[in-house]
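Only one structure is covered here, and it is reproduced in the block below.
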Amino acid sequence: MPLIAGGLEGPSSYLLRQIATAAQPWQDIALGSSNGRIMRKHTVSLALSAVVCLVAAVVWPRAALASESAHRPIEKSSFGRVGNDAVEIYTLTNAHGIEARIMTYGAAIVSLKTPDRAGRFQNIVLGFDTLDAYLAGVPYFGASVGRYANRIADGRFTLDGKSYQLPKNDGPNSLHGGARGFDKHIWTAESIQTRQGAALRLTYVSAAGEEGYPGRLTAHVTYRLDHDDSLVIEYQAVTTAPTPVNLANHAYFNLSGDLQRTILDDVLTINADLFTPVNATLIPIGELRSVTNTSFDFRKPQVIGRRINDKDEQLQLGHGYDHNWVLNKTRPEALTLAAVLTDPDSGRSLEIRTTQPGLQFYSGNFLDGKPSGGGTVFKYRTGLCLETQHFPDSPNQPAFPSTILRPGKMYSAKTELAFRVVK
Ligand code: BGC
């Protein structure tokens with residue numbers, strides 16, 4: 001099948017090969033019918049056609065844009081309460097019917113509906129229908145994690161000669177911002193209509209000293225669902241004192257649309273020559289290791305389940321894949337291809353581009369099939385995370401790209417999730 005057909009040289013050609021080039025059927029239909037209508041109406045005379053075409057050229061783009069906005073309002077509704085505080089959920093829909101629901105609690109993606117190759121829309125992220133389920137405790141489903149996504153060793157770091165102690169909420173380490181990270185707060189939201197698509201800008205102000213971090217951090221995440229079928233996630237933050245910052249989205253993808261199926265048959269490509277091996281508590285040991293001849297080489301498309309149980313020290317430490325890949329970059333912070341994930345059965349394919357230096361691929365090893373929240377059961381490896389972010393434990397690893405934000409500077413990062421279909 002075209003998805004994994006070999007024959008081209010070099011890893012990047014394989015990466016590009018996995019990117020779906022097939023036109024999407026639902027787009028063809030939409031475009032075809034509009035053009036057809038215009039052409040049929042105006043065949044009376046050549047002169048008249050020319051006038052109509054001229055008028056259409058001027059008016060059509062605006063009319064199309066206006067009708068797109070009119071048909072795709074951002075809908076807002078109540079999603080429950082945390083104590084006295086209301087939580088809202090926003091629904092963003094694009095020109096082709098792709099739908100993202102985002103709640104203000106944790107600025108989290110609750111559901112994401114995209115079409116399979118037959119044009120059938122299904123939810124492709126793990127999530128719940130009720131807020132109570134999230135409040136009962138879930139492992140960061142769809143959430144915006146911060147102030148520092150991923151682990152900080154011993155929950156401790158030194159900055160400008162002063163040491164800071166964070167809560168240890170993952171064995172000896174601090175994970176995803178500590179005991180109450182950004183995923184467990186209500187963000188304020190503002191909806192915005194843009195030319196590219198509907199957007200939601202969420203803001204959270206983290207007080208100085210919250211979870212042990214210095215400086216008051218004002219963080220924004222903007223989700224924009226574009227009419228070209230991508231969800232663009234942009235982060236910005238400013239601080240009143242130097243602090244580590246690492247913001248990331250923690251969606252668990254299951255492109256099959258059947259959230260009870262495992263992700264082991266999915267095909268993954270990661271644009272990285274190196275990864276950061278870890279110790280027994282999943283803290284990088286400081287080495288950037290080549291993926292060549294290891295189970296971590298995803299430069300060519302690989303079926304995830306094929307090597308996940310290999311007798312490999314790193315896979316054993318991670319209980320599967322739970323590692324950071326060092327993304328190949330032409331220059332730091334360039335928006336470049338990070339990964340492509342494809343579900344051969346449904347034909348859904350996800351292309352991820354990012355300005356971030358790293359990608360944490362976590363294969364859902366700690367999903368244990370126990371009922372969570374509303375009683376829904378998410379079984380072992382039925383979702384996987386592809387978290388674009390800085391490397392774990394960077395505040396303690398001077399050789400890693402810096403995660404320190406200083407007053408007067410703006411933290412910014414961008415990740416694009418493009419939804420495609422392969423034949
Ligand atoms: C980490 C996993 C962790 C999961 C849920 C991922 O980002 O890499 O080790 O279990 O988040 O907490």
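The values are calculated or read from the model by the stated rules, or taken from the named source; none is laboratory data. Predicted model, so just to flag it, every value in this text is computed and none were measured. Every residue, glycine as well, gets a Cβ built from its backbone with ideal geometry; the counts of neighbours run over all protein chains shown. In case anyone asks, the SASA skips ligands and DNA or RNA and just uses the protein heavy atoms, side chains included. Shrake-Rupley method; radii C 1.70, N 1.55, O 1.52, S 1.80 Å.
Restricting to the stretch 243-264, give me the number of residues that are open to solvent by less than 10 Å² (accessible area, probe 1.4 Å), under 20 Å from Thr403 (Cβ atoms) and not hydroxyl-bearing (Ser, Thr, Tyr). Let's see the steps before the verdict.
First pass over the stretch 243-264, keeping only residues open to solvent by less than 10 Å² (accessible area, probe 1.4 Å): 243-248, 250-255, 263.
Filter once more, so that each one left must be under 20 Å from Thr403 (Cβ atoms): 243-248, 250.
Filter once more, so that each one left must be not hydroxyl-bearing (Ser, Thr, Tyr): 244-248, 250.
Adding up the residues that qualify gives 6.
Taking the condition of being among the β-branched types (Val, Ile, Thr) and either within 12 Å of the ligand (Cβ to nearest atom) or assigned to a loop (DSSP other than H, G, I, E, B) (or both), how many residues in the stretch 140-167 meet it? Don't jump to the end; show me each part of the working.
Pass one, the stretch 140-167, residues among the β-branched types (Val, Ile, Thr): 145, 152, 158.
Filter again for either within 12 Å of the ligand (Cβ to nearest atom) or assigned to a loop (DSSP other than H, G, I, E, B) (or both), leaving 145.
Adding up the residues that qualify gives 1.
Of the residues that make up the stretch 177-188, is at least one part of a helix (DSSP H, G or I) and open to solvent by less than 30 Å² (accessible area, probe 1.4 Å)?
Within the stretch 177-188 (the criterion being part of a helix (DSSP H, G or I) and open to solvent by less than 30 Å² (accessible area, probe 1.4 Å)), the answer is yes, since at least one residue qualifies.
Of all residues in the stretch 360-386 being modelled with pLDDT of 95 or more and of a type in the set (A, V, I, L, M, F, W, C), which is nearest to the ligand (Cβ to nearest atom)?
That would be Cys385.
Any idea which residue in the stretch 242-270 is farthest from the ligand (Cβ to nearest atom), counting only those that are small (Gly, Ala, Ser) and within 12 Å of the chain's Cα centre (by Cα)? Walk me through how you get there before you give the answer.
Kept after step one, since they are small (Gly, Ala, Ser), are these residues of the stretch 242-270: 248, 251, 256-257.
The next check asks that each one be within 12 Å of the chain's Cα centre (by Cα); those that pass are 248, 251.
Values: Ala248: 8, Ala251: 11 Å.
The selected residue is Ala251.
Criterion first (in a loop (DSSP other than H, G, I, E, B), touching a strand residue (DSSP E or B) at 6+ places or on another chain (Cβ under 9 Å) and at pLDDT 95 or above) does Thr269 satisfy it? Walk me through how you get there before you give the answer.
Numbers: in a loop (DSSP other than H, G, I, E, B): no; touching a strand residue (DSSP E or B) at 6+ places or on another chain (Cβ under 9 Å): yes; at pLDDT 95 or above: yes.
No; evaluated as a whole, the condition is false for this residue.
Would you mind stating whether Gly408 is surrounded by fewer than 16 Cβ atoms within 10 Å (Cβ to Cβ), modelled with pLDDT of 95 or more and on the phi > 0 side of the Ramachandran plot? Working first, answer last.
Values: surrounded by fewer than 16 Cβ atoms within 10 Å (Cβ to Cβ): yes; modelled with pLDDT of 95 or more: yes; on the phi > 0 side of the Ramachandran plot: yes.
Yes; evaluated as a whole, the condition is true for this residue.
Going through Thr294, Thr269, Thr240, Thr281 one at a time, which residue ends up being crowded, with 17+ Cβ neighbours inside 10 Å and among the polar types (S, T, N, Q)? Let's see the steps before the verdict.
Numbers: Thr294 fails: crowded, with 17+ Cβ neighbours inside 10 Å; Thr240 fails: crowded, with 17+ Cβ neighbours inside 10 Å; Thr281 fails: crowded, with 17+ Cβ neighbours inside 10 Å.
Being crowded, with 17+ Cβ neighbours inside 10 Å and among the polar types (S, T, N, Q) holds for just one of Thr294, Thr269, Thr240, Thr281, which is Thr269.
Does any residue in the stretch 213-229 that is free of Cβ contacts under 8 Å to residues at least 24 places away in the same chain come within less than 9 Å, Cβ to Cβ, of a residue that is surrounded by fewer than 19 Cβ atoms within 10 Å (Cβ to Cβ) and outside any strand (DSSP E or B) six or more places away or on a different chain, and which pairs are these?
From the stretch 213-229, the pairs are Thr218/Thr240.
Given the conditions (1) within 16 Å of the ligand (Cβ to nearest atom); (2) on the phi > 0 side of the Ramachandran plot, and given that Phe275 satisfies all but one, which numbered condition is not satisfied?
Tallying (1) within 16 Å of the ligand (Cβ to nearest atom); (2) on the phi > 0 side of the Ramachandran plot, Phe275 fails exactly one: (2).
Among the residues that make up the stretch 393-403, is at least one of them farther than 21 Å from Gly286 by Cβ and at pLDDT 95 or above?
Narrowing the stretch 393-403 to residues farther than 21 Å from Gly286 by Cβ: none.
No, there is no match, as no residue in the stretch 393-403 is farther than 21 Å from Gly286 by Cβ and at pLDDT 95 or above.
Would you check which residues across the stretch 78-126 are at positive phi and open to solvent by 10 Å² or more (accessible area, probe 1.4 Å) and list them?
Residues satisfying the conditions are Gly80, Gly83, Gly97, Gly119.
Of the numbered conditions (1) over 19 Å from Asn246 (Cα atoms); (2) within 13 Å of the ligand (Cβ to nearest atom); (3) in a strand (DSSP E or B), Ser349 satisfies every one except a single condition; which is it?
(2)
Which of (1) away from the ligand (no atom under 13 Å from the Cβ); (2) in contact with a helix residue (DSSP H, G or I) (Cβ under 8 Å, 6 or more places away or on another chain); (3) in a strand (DSSP E or B) is the odd one out, the single condition Ser174 does not satisfy?
Among (1) away from the ligand (no atom under 13 Å from the Cβ); (2) in contact with a helix residue (DSSP H, G or I) (Cβ under 8 Å, 6 or more places away or on another chain); (3) in a strand (DSSP E or B), the lone unmet condition for Ser174 is (1).
Taking into account only those residues within the stretch 301-322 that are part of a loop (DSSP other than H, G, I, E, B) and surrounded by fewer than 17 Cβ atoms within 10 Å (Cβ to Cβ), which is farthest from the ligand (Cβ to nearest atom)? Talk me through it step by step, then tell me what you get.
Filtering the stretch 301-322 down to residues part of a loop (DSSP other than H, G, I, E, B) leaves 301, 308-312, 319-321.
Narrowing further to those that are surrounded by fewer than 17 Cβ atoms within 10 Å (Cβ to Cβ): 309-312, 319.
On the way: Asn309: 18, Asp310: 19, Lys311: 21, Asp312: 17, His319: 8 Å.
Applying the filter and picking the extreme gives Lys311.
Of the residues that make up the stretch 400-423, is at least one under 22 Å from Gly257 (Cβ atoms), assigned to a loop (DSSP other than H, G, I, E, B), within 16 Å of the ligand (Cβ to nearest atom) and in contact (Cβ under 8 Å) with a residue 24 or more places away in the chain?
No, the stretch 400-423 contains no residue that is under 22 Å from Gly257 (Cβ atoms), assigned to a loop (DSSP other than H, G, I, E, B), within 16 Å of the ligand (Cβ to nearest atom) and in contact (Cβ under 8 Å) with a residue 24 or more places away in the chain.
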